[in-house]
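The values are calculated or read from the model by the stated rules, or taken from the named source; none is laboratory data. The structure displayed is predicted, hence computed values, not measured ones. FYI the Cβ positions are ideal-geometry reconstructions off the backbone, even for glycines, and counts take in every protein chain you see.
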C-alpha cells in the first residue's frame, strides 16, 4: 500500500493545479480539473462512491448515518522561484526518503494519505456508523469558491476535521482579511509589480526606473533587460516573518519610504493586537502599478477574539476588501478536539496540548471543525516555499494518525 501511495502522490503532484483561467467544466483551470479527475478516479477504484460538483469540488463517501466531514484541497499556490527540484515533477527521492513538489504537504499529500487511510479501514472490514464525506476542493488557496459552490449544491456536515495545518490539533484560527490598498505613484518609474498571491510572501519585485549604482547596492537590487528587481524568500502569508519580502527594497530604492513605512513598519499599530491565538500579522504580498496609482494586496491575520471592525477601523488609507474569513474558535476541551489530540499523542508518544494558528483552513466551514496536521513543531516548513517536500516518515505517521482518528470518530 505504501508503494502505491507514493506512486499516486507523485502522479497527482505532476498536475499544476494553481488557479488558471476557467474553461468549460474547469472553473479553476485545466490543471485543477485534471487533479480532481485523478483523485476521484482513484477513490472509485478503491470501491468508494464519488461525486463531482462541476469541477468546483469532489466528494468521496464511506458509510451511512450522521455525517462526518474530512475537508482537504487539491489546488496549490504557484510554484514561485528558487526551486532546485521540478515543482511539478513529483520526484520520489528514495535516497533522502521524501517526495518533492508543490502540494506535497499542502495539501495533496494529506488528501492522498487520508484517502488511503479510508481504504485501509474499508479493506479491514471496518463499517463506520457515520457517513464519512471526504470533500476535496479546488480553490482553497484563492477564495474558497469551491466550498461556496459545495454548500449550495450539497449538505456540509456539522463536524469534522481538515488535514491542512498543524498537529497535535488546532482549536482556534485567526480571522483573515485580504485588502487592496492604494497609494499615489510619485516618481519617475513604471511597471512596478511583484508577488503572485495574497497569501504568499512576495519573493520577486521589479520596476523600470533610472539606474543608480550606489542605491542598487544599498538595497540589494539587480538589473536585467532594463528592469531593476529584488528577490526575496516566499513563505505562507500567516507566517510572514519566515520569508523575505521583495517589495520593501524596491519601494525604498524608488524613494517611496513613506509607502514602505506604512506597509512594513506597522503604521496603524495593528501588531499590538494579540490574544491566546497570537499577534496580528500584516503582510503586503502583491504590488502593481496602474497609471498614477500603486495597488498593494495585503494579507491580514487577526486574533480570534478580535473583530474585523477593530482592524478595519485602524486603517487610514484608501482600500477595498477582497476577501474575508471570520475566526474559528472551539472549546479546547470539547469531544472532537480531545479525541484528535489524544490520537496524535497515542501514535507519537507525545503529550502535547491543542494549539491556535494564524492560517485559515477548511475547518472553519464546519460548525464544529478542527485542523489536524500534517505539520509538527520543529520541522522544516516548506509550505508555500521553494522545494516543498514530504518525507516517507511523515507519510507513514500521518497515515496511522488519520486512520485511527477516522475509526475513533465514526465507529
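Taking residue 168 as meeting all but one of (1) out of contact with any helix residue (DSSP H, G or I) (no Cβ under 7 Å at 6 or more places or on another chain); (2) in contact (Cβ under 8 Å) with a residue 12 or more places away in the chain, write down the number of the exception.
In the conditions (1) out of contact with any helix residue (DSSP H, G or I) (no Cβ under 7 Å at 6 or more places or on another chain); (2) in contact (Cβ under 8 Å) with a residue 12 or more places away in the chain, residue 168 misses (1) alone.
Determine if the range 156-174 includes at least one residue that is over 23 Å from the mean Cα position of the chain (by Cα) and crowded, with 20+ Cβ neighbours inside 10 Å.
No, the range 156-174 contains no residue that is over 23 Å from the mean Cα position of the chain (by Cα) and crowded, with 20+ Cβ neighbours inside 10 Å.
Scan the range 175-189 and tell me whether some residue there is at pLDDT 95 or above, within 29 Å of the chain's Cα centre (by Cα), assigned to a loop (DSSP other than H, G, I, E, B) and under 30 Å from residue 328 (Cβ atoms).
There is no residue in the range 175-189 that is at pLDDT 95 or above, within 29 Å of the chain's Cα centre (by Cα), assigned to a loop (DSSP other than H, G, I, E, B) and under 30 Å from residue 328 (Cβ atoms).
Checking residue 124 against (1) at pLDDT 95 or above; (2) within 22 Å of the chain's Cα centre (by Cα), which single condition isn't satisfied?
Single failed check for residue 124: (2).
For the range 210-224, give me each residue that is assigned to a helix (DSSP H, G or I) and loosely packed, with under 13 Cβ neighbours inside 10 Å.
Across the range 210-224, the qualifying residues are 213, 214, 217, 218.
Run residue 271 past the list (1) crowded, with 17+ Cβ neighbours inside 10 Å; (2) under 22 Å from residue 322 (Cβ atoms); (3) within 23 Å of the chain's Cα centre (by Cα) and report the number of the one that doesn't hold.
Unmet for residue 271, out of (1) crowded, with 17+ Cβ neighbours inside 10 Å; (2) under 22 Å from residue 322 (Cβ atoms); (3) within 23 Å of the chain's Cα centre (by Cα): (1).
When you scan the range 88-99, how many residues do you find that are touching a strand residue (DSSP E or B) at 6+ places or on another chain (Cβ under 9 Å) and either in a helix (DSSP H, G or I) or surrounded by fewer than 24 Cβ atoms within 10 Å (Cβ to Cβ) (or both)?
Within the range 88-99, residues that are touching a strand residue (DSSP E or B) at 6+ places or on another chain (Cβ under 9 Å) and either in a helix (DSSP H, G or I) or surrounded by fewer than 24 Cβ atoms within 10 Å (Cβ to Cβ) (or both) number 7.
Sort out for me the strands (runs of 3 or more DSSP E) sitting completely within the range 327-411 that have 1 or more residues that are in the same structural domain as residue 160 (by TED's automatic domain parsing), at pLDDT 95 or above and on the phi < 0 side of the Ramachandran plot.
Filter on the range 327-411 gives 368-371, 389-391.
Take the residues of the range 8-32 that are free of Cβ contacts under 8 Å to residues at least 60 places away in the same chain and assigned to a helix (DSSP H, G or I): which is surrounded by the fewest Cβ atoms within 10 Å (Cβ to Cβ)?
Per the stated criteria, the residue is 30.
From the list 249, 284, which one is touching a residue at least 60 places away in the same chain (Cβ under 8 Å) and not in a loop (DSSP other than H, G, I, E, B)?
284
Conditions first: (1) surrounded by fewer than 21 Cβ atoms within 10 Å (Cβ to Cβ); (2) under 23 Å from residue 129 (Cα atoms); (3) touching a helix residue (DSSP H, G or I) at 6+ places or on another chain (Cβ under 8 Å). Residue 353 passes all but one, so which condition is the exception?
(2)
Just to verify a result, which residue in the range 54-82, among those that are surrounded by fewer than 19 Cβ atoms within 10 Å (Cβ to Cβ) and in contact with a strand residue (DSSP E or B) (Cβ under 7 Å, 6 or more places away or on another chain), is modelled with the lowest pLDDT?
81
Among the listed residues 68, 2, which satisfies the condition of being on the phi < 0 side of the Ramachandran plot and out of contact with any helix residue (DSSP H, G or I) (no Cβ under 6 Å at 6 or more places or on another chain)?
2
Just checking, how many residues over the range 251-266 are over 16 Å from residue 293 (Cβ atoms) and buried (at least 16 other Cβ atoms within 10 Å of the Cβ)?
Adding up the residues that qualify gives 4.
Within the group 300, 321, which residue is part of a strand (DSSP E or B), within 22 Å of the chain's Cα centre (by Cα) and surrounded by fewer than 19 Cβ atoms within 10 Å (Cβ to Cβ)?
Exactly one residue qualifies, and that residue is 321.
When only residues in the range 128-145 that are within 14 Å of the chain's Cα centre (by Cα) and not in a strand (DSSP E or B) count, which is surrounded by the fewest Cβ atoms within 10 Å (Cβ to Cβ)?
So the residue we want is 143.
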